[in-house]
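Here's the structure, in structure tokens; my notes come after.
The values are calculated or read from the model by the stated rules, or taken from the named source; none is laboratory data. Note that the coordinates shown come from a computational prediction; the quantities given were computed from them, not determined experimentally. A quick note on method: Cβ atoms are made from the backbone with ideal geometry, for glycine too, and the neighbour counts reach across all protein chains shown. Note: areas computed on protein heavy atoms with side chains; ligands, DNA, RNA excluded. Shrake-Rupley method; radii C 1.70, N 1.55, O 1.52, S 1.80 Å.
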Amino acid sequence: MSVIILAIESSCDDTSAAVLKDGKVLSNVTAGQKVHKDYGGVVPEVASRAHQINIVPTVDQALVKAGIHKNELSAIAFTRGPGLIGSLHVGVCFAKGMAMSLGVPMIEVHHLRAHVLAHFAEDPKPNFPFLCLTVSGGHTQIVKVSDPYTLEVLGSTIDDAAGEAFDKSGKLLGLDYPAGPLVDKLAQKGEPLYSFTEPKIEGLDFSFSGLKTSILYFLRNQLKENPDFVKENMNHICRSIQDRIVSILLNKLEKAAKQTGITEIAIAGGVSANSGLRKAFQEKGEKLGWQTYIPGFQYCTDNAGMIAVAGYFKYLRSDFAGQEVVATPRMK
Ligand code: KG4
Ligand code: ZN
């Protein structure tokens, strides 16, 4: 009999639902929340309210798109954490209610594991062991993946995440939240004319807070000389910021590959949608003889398709959640 999983993701500001059948994603529907743009960042209270509005139509659409009736479902997977507590509550409670009413098991999924396992949504799939650079709005990690169940964090950020570095730098330039995709777009028309400091952090950890400070001082100095500096050089500034973030990420990834001897290398998470990172990653891979893996755009930013894939691996081991499972904002 086929295994059909409905997955729900609501850890931050995107409400997403997906249906997976025997390991293949049939639908992956996401409702974004534009409302946070006006506040310059995600407002947790506003996010949880929007999830409540979006969750039913999003799940409904995912089922319709997949051509699956809810009575055919084998299990409900959901993001348990990490994330915003109010946002997670909506998805977890909805999943629990739906699983109870259908009499099917629940599968709790770790959001960051799902970003890594998103690579198994489509071909080509990485071979084990592989390294995955997970870069999102909340996290920046290099993970060694020995099998779908054994993941080890080799390095992570000691302050801001890579996505935050994009968003905060963009904010200094007056760009709307989330600034990452906008910086990416503008950078494509610019040259890397300005050099920002590369932090000196031991081992495989990252730091991005110094970069933000150096951009702030750079802009202050330039604006003293020319009040239109940002307006006149926006594309070049974006390109310079992007190139520095990308070089910080890829230098550490190269170090991790050398240390472990692993040549199957992947990137994942919202920032892996960045065109500069995708290009530089592929070029580095060719130079160093890596097999590189980049998820399709729909599996980079937060989406329930990746929750469904991670949930399916747990389903195969009958690793189900108990009825007492709760949303968990901080998880190891
Ligand atoms: O994985 P994700 O959707 O949510 C979290 O779990 O955080 O990542 C969101 C982050 C945001 O910081 C956003 O600015 C960044 O990913 N991002 C990008 C791009 N697309 C999304 N950053 C740079 N370039 C992009 N094209
Ligand atoms: Zn994420």
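With a cut-off of 8 Å between alpha carbons and a minimum separation of six or more residues, what is the relative contact order of the range 124-294 in percent?
Answer for the range 124-294 is 29 percent.
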Tally the DSSP beta bridges in the range 124-294 and give the antiparallel ones as a percent, rounded to 5.
60 percent
Additional length obtainable on full extension of the chain from V35 to I158, 0.36 nm per residue less Cα span
41.3 nm
Return one whole number: the accessible area per residue of the range 124-294 in Å², for a 1.4 Å probe.
46 Å²
Ordering E283, E164, E202 from largest to smallest accessible area (1.4 angstrom probe), what's the sequence?
E202, E283, E164
What is the Å³ per residue value for the convex hull set by the Cα atoms of the chain?
128 Å³
T58, T301, ranked by accessible area, largest first (probe 1.4 Å):
T301, T58
Alpha-carbon centroid distance for the pair the range 289-332 / the range 114-193, whole angstrom
16 Å
Ignoring ligands and nucleic acids, E324 exposes an accessible area, probe 1.4 Å, in Å² to the nearest 10, of 140 Å²
From highest to lowest solvent-accessible area (probe 1.4 Å; ligands, DNA and RNA excluded), Y39, Y149 read Y39, Y149
Taking 2.2 N^0.38 Å as the expected size of a compact globular protein, what ratio does the Cα radius of gyration of the range 44-112 give against it, to two decimals?
1.12
Which percent of the accessible area of the chain is formed by carbon and sulfur heavy atoms (probe 1.4 angstrom)?
51 percent
Percent of beta bridges antiparallel (DSSP, the chain, rounded to nearest 5)
60 percent
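Name the trypsin sites (Lys or Arg not before Pro) in the range 123-200 that are in a loop by DSSP and that have at most 12 other C-beta atoms within 10 Å, would you?
Filter output for the range 123-200: K189, K200.
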At 7 Å along Cα-to-Cβ for each site, give me the label-to-label distance between D147 and N235 in nm.
5.1 nm
In Å, the Kirkwood hydrodynamic radius of the range 124-294 over pairs of distinct alpha carbons?
16.4 Å
Spin-label model distance (nm) - K24 vs Q323, 7 Å beyond Cα toward Cβ:
3.7 nm
With axes computed from alpha carbons, what is the tilt in degrees of helix 85-102 against the longest principal axis of the chain, rounded to the nearest 10 within 0 to 90?
20 degrees
Within-14-Å neighbourhood charge of R317 [Cβ basis; K, R +1; D, E -1]:
-1
What is the chain's relative contact order, in percent, from Cα pairs under 8 angstrom and six or more apart in sequence?
25 percent
For L223 and M1, what does the FRET efficiency come to when R0 = 56 Å and r is the distance between their Cβ atoms, rounded to the nearest 0.05?
0.30
Per the helix-only calculation at 222 nm, which mean residue ellipticity applies to the chain, given -39500 (n - 2.57) for every DSSP H run of n ≥ 4 and division by its residues, nearest 500 deg cm²/dmol?
-14500 deg cm²/dmol
